[in-house]
Amino acid sequence: MSNAMEIVKKARMVTRPTTLEFIEMLFDDFIELHGDRCFYDDKAVVGGIASFHGKSVTVIGVQKGHSIEENVMRSFGSPNPEGYRKQLRLMKQAEKFGRPIILFVNTSGAYCGVGAEERGQGEAIARNLMEMAGLKVPIISIFIGEGGSGGALALALADQVWMLDNGMYAVLSPEGFSSILWRSPHRVEEAAELMKLTAVDLLKNGVIEKIIPEHRDGLENHLQFTTEYIDRFLLEELKKLCAMPVEELLENRYQRFRKYGSFTEEDELEKK
Amino acid sequence: MNLFKRKNYIKINPPEVAPAAETEAPSIPDGMWVKCDDCKKIIYTKEIGPYHLCPFCRKHFRLSAEERIGLICDEDSFEEWDATMTAKNPMNYPEYHKIIAKAQERSGLKDGVVTGKCRIDGYETVLAIMDSHFMMGSMGSVVGEKITRAVERATKLRLPIIIFTASGGARMQEGIISLMQMAKTSAALNRHHQEGLLYISVMTDPTTGGVMASFASLGDIILAEPGATLGFAGRRVIEGTINEKLPDEFQTSEFQLEHGFVDAIVSRVEMKETLSKLLRLHSVEGGTFS
Ligand SMILES: [Zn+2]
């Protein structure tokens, strides 16, 4: 199996520690807050307030389950519009009280369904992107497993984006890439390789700032090994970001995303 | 985020009943007749007119950016920006330059969006028009960069921006960089918004995927052309998940209006007048009566 596909498999493993397990390890006094105040409480997204080294922070993440029952309840970690709207509500609350925001990403993508369309899945994601660009508090986004498409990006318009060794981030799944672009179900591994979806490739391409190590005997067996790194990185980075004037924070965040693009402006047809 | 395969109309050979074998009548060449894929009636192409509407059922056929500019802008007022920008190959996708070259040849466009500045009934505005004839209007680096620059210039010039969207979603051949265009465009719109400037989004057939989940959905005012396919996830993807056929109305403009995601459905015939009215209403200060 290709290296990239092996990572995709690991990122998707049902035993992989979930957002709530990371929160439990990293923060004190976590209190979960529910609902989008409009329609319902999407259990694919969890969030609330917690204490980090004595300071209050807002933590939000996509929550998968370890069993079928739990995954059904969490829609397999694919948020409905209400999940994104709950996230936005909690982020606005964080801004009001000056709390930094820490996001955990682990989703194959936004939920695909009739109800999600009726209630504006596209609008919910778009709104988060636009609002996050202007939130006046630091935002750090950590990919702990899968990161699929706009449904992951909605939690990743951040000042810093980090990823675990076996995390991934792509515009769609390698399966989707193979079937849509090559009309074949048999080129998934090739797609995974080409898509540059691993932490190493993403760091090289400037999509993420940091790779967080996982223990070689498995993240699920040595979660603390990884959370100790996260704890140290978060503390260092939050010190820097919180000391920054808001204008500079927002300008840096803007430029962080402004730079992406691969194009030329020479008129090559004219030259020929 | 699948690309929509549905064609707006299909070219067919002239029906046998066509021009009765009258003496002097010139024979009608191929392509003079089209079939409306909504009402299935055969239409003489001249009857489609400048608005590209089915004369029987008023279906709005897809327009090119150039045709759209002709319908919306005051004569000779459109000034194009960034006209030479073309895509590079961030992911080293096999033969991407050939795919781009072929799409350029077929459409006469450099990529999926034309941007610039124009006047509408005298009102100055920035305008971006996506064109589904170029790789189904998919958003890669060029679409993202041209839209972002257009928004940034509108902010600097303190002008409104109008974006006509038409897109099957992200340009998958550009991988994660295509996804980042959603963030880039939305962040630029945030700054335009913060300055209190007007953004009108006009959704046309089709607007789906990453464009729906970014700038298309962010208008202060969102208009839609009638009968357009507008949604986030692909219809077939959802049908596959729930294992049943979805009704025809699912993910149409009318569906989006009913569910509260567009402000109004505006016929192409009334589009310029409607935009002009909105620009006029935003050109005076609102609110304070003294
Ligand atoms: Zn018709």
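Observations on the structure shown:
- Looking only at region A:179-197, residues that are under 17 Å from A:Gly109 (Cα atoms) and surrounded by 21 or more Cβ atoms within 10 Å (Cβ to Cβ) come to 3 in all.
Residue-wise test of (1) touching a residue at least 40 places away in the same chain (Cβ under 8 Å); (2) closer than 18 Å to B:Ser283 by Cα; (3) within 14 Å of chain A (Cβ to nearest Cβ).
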residue: B:Tyr123; (1), (2), (3): yes, yes, no
residue: B:Ile129; (1), (2), (3): yes, no, no
residue: B:His133; (1), (2), (3): yes, no, no
residue: B:Met136; (1), (2), (3): yes, no, yes
residue: B:Ser141; (1), (2), (3): yes, no, yes
residue: B:Arg149; (1), (2), (3): yes, no, yes
residue: B:Arg158; (1), (2), (3): no, yes, no
residue: B:Ile162; (1), (2), (3): yes, yes, no
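- Yes/no for A:Gly206 being within 17 Å of B:Gly175 (Cα to Cα) and assigned to a loop (DSSP other than H, G, I, E, B): yes
- Helices (runs of 4 or more DSSP H) enclosed by region B:197-290 - at least 2 residues per element that are in contact with a strand residue (DSSP E or B) (Cβ under 7 Å, 6 or more places away or on another chain) and within 14 Å of another protein chain (Cβ to nearest Cβ): B:209-212, B:253-258
- Selection from region A:134-153 of residues that are at the interface with chain B (Cβ under 7 Å from one of its Cβ atoms) and surrounded by fewer than 24 Cβ atoms within 10 Å (Cβ to Cβ): A:Gly134
- Selection over region B:178-191 of residues that are in contact (Cβ under 8 Å) with a residue 40 or more places away in the chain and buried (at least 24 other Cβ atoms within 10 Å of the Cβ) gives a count of 6.
- Candidates B:Leu197, B:Leu159, B:Leu230, filtered to the one that is crowded, with 24+ Cβ neighbours inside 10 Å and not small (Gly, Ala, Ser): B:Leu230
- Inter-residue pairs, beta-carbon under 6 Å, first under 15 Å from B:Thr204 (Cα atoms) and modelled with pLDDT under 95 and in region B:53-73, second away from the ligand (no atom under 14 Å from the Cβ) and of a type in the set (Ser, Thr, Tyr), 6+ apart: B:Arg62/B:Ser132
Residues are listed down the side, and each one gets a yes or a no for (1) of a type in the set (A, V, I, L, M); (2) within 14 Å of chain B (Cβ to nearest Cβ); (3) not in a helix (DSSP H, G or I):
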position: A:Leu90; (1), (2), (3): yes, no, no
position: A:Glu95; (1), (2), (3): no, yes, no
position: A:Ile102; (1), (2), (3): yes, no, yes
position: A:Asn106; (1), (2), (3): no, no, yes
position: A:Gly109; (1), (2), (3): no, yes, yes
position: A:Cys112; (1), (2), (3): no, yes, yes
position: A:Gly115; (1), (2), (3): no, yes, no
position: A:Gly122; (1), (2), (3): no, yes, no
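The values are calculated or read from the model by the stated rules, or taken from the named source; none is laboratory data. Quantities reported herein were computed from a predicted structural model and do not represent experimental measurements. Counting neighbours? That spans all protein chains shown, and the Cβs are built from the backbone with ideal geometry, glycine included.
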